[in-house]
1. Excluding residue 204 itself, what net charge comes from residues whose Cβ is under 11 Å from its Cβ, given Lys and Arg +1 and Asp and Glu -1?
2. Quick one: length gained pulling residue 81 to residue 54 fully straight, 0.36 nm per residue minus the C-alpha distance?
3. If you stretched the chain out fully between residue 298 and residue 32, how much longer would it get, using 0.36 nm times the residue separation minus the C-alpha to C-alpha distance?
4. Once the Cβ-Cβ distance between residue 344 and residue 174 is put in as r, and R0 is 35 Å, what FRET efficiency do you end up with, to the nearest 0.05?
5. To the nearest 10 Å², what's residue 119's accessible area with a 1.4 Å probe?
6. With every protein chain present, what is the per residue accessible area of region 348-414 (1.4 Å probe, Å²)?
7. When the helices in the chain are scored as -39500 (n - 2.57) per DSSP H run of 4 or longer and the sum is shared across all residues, what 222 nm value do you end up with, to the nearest 500 deg cm²/dmol?
8. Points 7 angstrom from Cα along the Cβ direction at residue 22 and residue 115: gap in nanometres?
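The values are calculated or read from the model by the stated rules, or taken from the named source; none is laboratory data. These numbers were taken from a predicted model, which means no experiment stands behind them. Here Cβ is always computed from backbone atoms with ideal geometry, including for glycine, and neighbour counts include all displayed protein chains. These accessible areas exclude ligands, DNA and RNA; they are computed on the full protein's heavy atoms, side chains included. Shrake-Rupley method; radii C 1.70, N 1.55, O 1.52, S 1.80 Å.
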Amino acid sequence: LRTLTPPAPAQNGAHVLRAPFQLEPPQAKTLAMLRQHGDLSRTEIADATGYSRATITTVINHLIDIGIVEEIGDGISNGGRRPRVLSFRADFGYLVGIDMGATSLDLVLADFKGTILTHDAIEIDVRQGAVAILTVIRDCVLARLREANIAAERVYAFGIGVPGPVDFNAGMLIAPPIMPGWDGYPIRTFIRETFPNAVAIIDNDVNVMALGELRAGAGRTHKNFLFVKVGTGIGAGIICNGVIHRGADGSAGDIGHICADKNGPTCHCGNIGCLEAIAAGPPIAARALEAVRENRSSILAKYAQVTGGKLTAIDVGRAAAEGDPIANEIIHDSGRIIGEVLASLVNFFNPSLILIGGGVSGIGHQFLAAIRRGILHRSLPLATRHLRIDISPMGANAGTAGALALAMEHVFVV
Ligand SMILES: [Zn+2]
């Protein structure tokens, strides 16, 4: 068996290693079993993994040496000597998960089992650029570690979801429309300056949300599904055969720029009639403001008055809930157009689940109803026979759960 990465100089007597950790398949299977099923004996691990007792004994000895597994006492005997019970050490190291939006970020610190220790919600302006925002992140993590008396060297992975296109292998944003100053910035290098043993995995926010649903949410029982985020823009995370499908260059799922109306408005990307230029949060708000200007909705006018002439998609949802017919029509149109585009994706990809998330997904049940009708109306019967279409039940937590899963799944390399 190859060993894990050679230990870096020890700190306070504890093993300090550098991620990612290279594992042989028996080591990986053993760790996965202990992480998923809790405390087990060597015999139980050997039986469940199919490896010999001798192999498992070697693996366990090594994992105990490294400090990631410990013996925690005696199990139940089947007649002979009572077996020693082994446990995965949650305090072996720490993980950071970050869900970054345009104006806020959620940051969680978790132990190695993925138990969240701290959660910070921080207001940011992503346009301030990579160094400013990464400094905020670094300082927040350092403060939380200090409070818990944990050295920065014990953080082994960062999972970071960002609102822009990501070259996943390079760990960089590529020409992000709402994140100028992040284009090609080496995020991993910045993280390693303060957290020398940590890997940093950067992915598009929608992919990260899809991963969160896959590991901890409604996606757990599905192998092929779409997570569709409707907010300032529209994008989809694609789970194909149980893994994120990123495509050849990392841009798979960028459905916001599919043409939904050849006679539609010009999108910020320069093309005509893109889905997000017609049906995302800003066009919903713009249509509502137009109705206010034309005196067609007293309820929307009331909301605009409160906010000094501004409206959001959420305001339109509230007006619809109060029975405003114009607000209802706007929400219905947006849902229908999104549904029609999703119908093409259903015919192409045949998912068993579509989850709708993002800030606009909370504007009311008629939005979901219109999306459903749009999909069912245009899809082939075979493709929709087992199709569920729901609002993401994890909501905002999908991003941080996915970011932690991203960190956890890349800290080990098999
Ligand atoms: Zn576009």
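1. Net local charge, residue 204 excluded: -2.
2. Residue separation times 0.36 nm, minus the Cα-Cα distance, leaves 8.0 nm.
3. Difference between extended and current length: 89.9 nm.
4. With a Förster radius of 35 Å, E is 0.85.
5. Result for residue 119: roughly 100 Å² accessible.
6. Accessible area per residue, region 348-414: 47 Å².
7. -12500 deg cm²/dmol
8. Between residue 22 and residue 115, the simple spin-label model gives 3.3 nm.
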